[in-house]
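Only one structure is covered here, and it is reproduced in the block below.
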Amino acid sequence: MAEKLSLKKLAFIGGGAMGEAIIKGMTGACLMDPAAIYVGAHRPERAVYLHNTYGVTGVVDNKEAVRDADMVILAIKPQMVDSALDAGLAEAVGRKAVIVSIMGSVTIEKIAGIFKGNPVIRTMPNTPLAVGAGMTAIAPGAEVSEDAVQAVQQIFGCCGETVLIQEKDIEAVTAVSGCGPGYVYVLIDALADAGVMAGLSRATAIQLAAQTFAGSGKMVLETGKHPAVLRDMVTSPGGTTIAGIKALENGAVRGALFNAVQAVLDRSEQLKKH
């Protein structure tokens, strides 16, 4: 069992898919009393659902959710920042509360401008949090304590892996792991299609492709070996695997992934200007 958090009250602004995934991980790991986790949900039925499912305190009043909280997690979409995070909410948050954001493209500076005087931690999780296999980058602001950083590592560590970074690297993280599941789903779908073309049933082809990606990623993480080393272990001279890899190189798969990451970086810059 994971070590319990020292927080007396944790608040979520937003109880959507990402917020629920974090709550699921926390309550599953028994990090704190579920009743001490307050969730400001957009709809009453959502608040009731989260309470009934996880035992958390679901409310529809965000001010009630954040009042007296030691930590506030902003689990909302970036486009909601101006409407959801108003002056009244900022006033309800205690000055010592740590603000944790999962919002992409919203800087620590902007968040600190709303919650004046509060320490801010920016994170970039990805959607596999929902199945306990997420990847979350954590970028603490200048005034954040080590205890607060450790608490955030514990929270997101219940839903997968974490890594500490500087905020300047958030956009690169977004382009690799934040958007990465989208790339991987495209590749799984393409590999499954190829399996169907080779005569496999659709269900079998998807299972084979998805588990191959999952298992290969696990090998990289657990062995600590460079992907190229692991690739060479399954690539015999003049064999079938190298023939397939040659076809991938001819199809510029590697270059396409470079382009995908750059496209995300370019789009992020465009969004910052609006």
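A few remarks follow.
- Simple point charges give the picture: +1 on the Cβ of Lys and Arg, -1 on the Cβ of Asp and Glu, and for the stretch 2-101 a dipole about the Cα centre of about 120 debye.
- Of the residues T127, V81, Q166, the one whose Cα sits farthest toward the positive end of the charge dipole of the chain, with +1 on the Cβ of Lys and Arg and -1 on the Cβ of Asp and Glu, is T127.
- Considering only alpha-carbon pairs that sit under 8 angstrom and 6 or more positions apart, the relative contact order computed for the stretch 165-274 is 30 percent.
- The chain, dipole about Cα centre (Lys/Arg Cβ +1, Asp/Glu Cβ -1), debye to the nearest 20: 220
- Solvent-accessible area, 1.4 Å probe, carbon plus sulfur percent, for the stretch 1-154: 54
- Once C-alpha pairs closer than 8 Å and six or more residues apart are averaged by separation and normalised to the residue number of the stretch 24-156, the relative contact order reads 17 percent.
- Centre separation in Å (Cα based) which lies between the stretch 204-274 and the stretch 88-138: 31
- Of all accessible heavy-atom area on the stretch 159-228, the percent that carbon and sulfur account for (1.4 Å): 66
- Accessible-area order (highest first, 1.4 angstrom probe) of the listed residues V56, V186, V229: V186, V229, V56
- DSSP-defined beta bridges in the stretch 57-137 - what % are antiparallel, rounded to 5: 10
- Phi-based couplings in Hz for the stretch 129-134 (Karplus 6.51, -1.76, 1.60; Gly and Pro marked x): 3, 4, 10, x, 10, x
- Each DSSP beta bridge with both residues in the chain is either parallel or antiparallel, and the antiparallel ones are about 15%.
- Normalised per residue, the accessible area of the stretch 1-101 is 48 Å², obtained with a 1.4 Å probe and no contribution from ligands, DNA or RNA.
- Once the Cβ-Cβ distance of A247 and H226 is raised to the sixth power relative to R0 = 22 Å, the FRET efficiency obtained is 0.50.
- DSSP beta bridges confined to the stretch 105-177 are antiparallel in about 45 percent of cases.
- Accessible-area value, R231, 1.4 Å probe, nucleic acids and ligands omitted, Å²: 90
- P(r) histogram, all alpha-carbon pairs of the chain included - 10 Å bins from 0, percent: 6, 25, 31, 20, 12, 5, 0
The values are calculated or read from the model by the stated rules, or taken from the named source; none is laboratory data. Since this is a predicted model, take the numbers as computed values, not measurements. Every residue, glycine among them, receives a Cβ derived from its backbone with ideal geometry; neighbour counts consider all protein chains shown. These area figures cover heavy atoms from the full protein model, side chains too; ligands, DNA and RNA do not enter into them. Shrake-Rupley method; radii C 1.70, N 1.55, O 1.52, S 1.80 Å.
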